[in-house]
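Read the structure below first, then the notes.
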Amino acid sequence: MSDTAIYMDNQATTPLDPRVLKAMLPYFEEHFGNAASRSHGFGWTAEKAVENARLLIADALGAQSRELIFTSGATESNNLAILGAARMYQSRGKHIVTAATEHKAVLDPFLYLQNQGWEMTVLDVDEFGRVSPENLRSALREDTTLVSIMHGNNEVGTLHPIAEIGAICHEHGALFHCDATQTLGKENVNVEEMNIDLLSCSAHKLYGPKGVGALYIRRRNPRVRLEPLFHGGGHERGFRSGTLNVPGVVGLATALEICLEDMDTEQARIRVMRDRLQHRLLSELDYTHLNGHPEERLATNLNISFEFVEGESMLMGMDGIAVSSGSACTSASLEPSYVLRALGVGDDKAHSSIRFSLGRFNTEAEVEEVADRTIATVQRLREMSPLYEMAQEGINIASVNWSAH
Ligand SMILES: *Cc1c(COP(=O)(O)O)cnc(C)c1O
């Protein structure tokens, strides 16, 4: 990788903002105390930093600081929320509901619970990646204890109507967990307005450090209880034992504070760049499709399928540009993106998809360069594609009988 690489994979992780690093450094150095040490100033300093961070983040969510605990990231927050609530309320029922396009850190704990005897319903999404509130309503039952639906999708950026979803869960007496990892610091997130009982987030998706996140746990109307995953010490009001990552917690709060300073203007700036990239790719190339919702979508996200080219070949052709693909070749599994598949995108188009995700440090010049290089790469690869040639000649590829006989 060269020094001049352009980073457009901000939905996988964001670079650490230098201001966040600066705020964290003293907590690695002179203020190294354990926030649980009650008998001396080293501990008190660390505890004060953690409590300031807790207050800032809770405030941003419209919550009380006692409703927020720190974790190692969104994977842990999701696991604690889902496993913790399902187990705590299992005497009320063992039916749980989620959606097909959730992150693996939600789907896998659901599947785990299914193996343990819970019954799970996975809601379909429409062609834009949205859950329908009506489908949710008809999926809910007497014995449904928990619903988990994300705010913004990590692959296609689609935003779900969270306030409405939360209200439906509450009408039916089910708890509502929301994975807001992709939206916190980018979209308005308020646990009261959005009827959220449990909310997960992670610092490294908002220009903070990796390995730290938080979980909001409602304390009033209703008071949510969870069975902990970790036992020992009783930190974080018993929800999450373990010595706190004090520099990480400070980093999470600082990162969020910076995001909130100018969230609307910053998201508008990113949206203009994203729309410019989208316009260039869709208008200068044929057989090119937008994946996800055209409007109800994160400003940072652009997911496009380029027919007749493989995502893997695209990534190789665009050396020095960091993006990701829904192609099977780029992931550990052999199947193309399950998210695109849930939207009804065919395997061919899923294999040819690229996710560009923009962020704070991208510039207009980078957008033009990425557009130029993407267009040139697609054109070059298509020149070698007999399928593309046939399509241009008006042959319907789907109708071709490929057998030799
Ligand atoms: C990145 C991400 C996660 C996992 O977060 P970690 O902090 O890396 O464990 C979970 N959910 C969504 C939607 C994400 O984008």
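Each of 236, 368, 266 was scored by other Cβ atoms within 10 Å of its Cβ. Listed from fewest to most, they are 368, 266, 236.
Rg ratio for the chain: its Cα radius of gyration over 2.2 N^0.38 Å, N being its residue count, equals 1.05.
Which of these, 188, 153, 78, has the largest mean-square fluctuation under a Gaussian network model of the chain (Cα springs below 10 Å)? Top of the fluctuation ranking is 188. For the pair the stretch 172-222 / the stretch 30-51, the C-alpha centres are spaced 26 Å from each other. Checking every one of the GluC sites (Glu not before Pro) in the stretch 277-346 against DSSP loop status and a limit of 10 other Cβ atoms within 10 Å picks out 295.
Among the listed pairs 104/349; 94/205; 205/349; 48/104; 94/210, a Cα-Cα separation exceeding 30 Å is found for 94/205; 48/104; 94/210.
Placing unit charges on the Cβ atoms of the charged side chains and taking the dipole of the stretch 38-185 about its Cα centre, the candidate lying farthest along the positive direction among 147, 77, 114 is 77. For 201, 259, 178, the sequence from fewest to most other C-beta atoms within 10 Å is 259, 178, 201.
Spin-label model, residue 295/residue 22: points 7 Å from Cα along the beta carbon direction are separated by 4.0 nm. Put in line by how crowded their Cβ is, counting other Cβ atoms within 10 Å and starting with the fewest, 318, 384 read 384, 318. For the chain, modelled as a GNM whose springs connect Cα atoms under 10 angstrom apart, the maximal fluctuation among 247, 294, 209 occurs at 294. Other residues with beta-carbon under 14 Å from the beta-carbon of residue 41 carry, at +1 per Lys or Arg and -1 per Asp or Glu, a net charge of 0.
Each of residue 237 and residue 142 was given a label point 7 Å from its Cα along the Cα-to-Cβ line. The distance between the two points is 3.2 nm. When the chain is treated as a GNM with alpha-carbon contacts under 10 Å, the residue of 168, 304, 96 showing the greatest mean-square fluctuation is 168.
Computed from the coordinates by the stated procedures, all read-outs in this text should not be read as laboratory data. Model, not experiment: these values are computed from the prediction. Quick reminder, even Gly has a Cβ in these numbers, built from the backbone with ideal geometry, and neighbours come from all protein chains shown.
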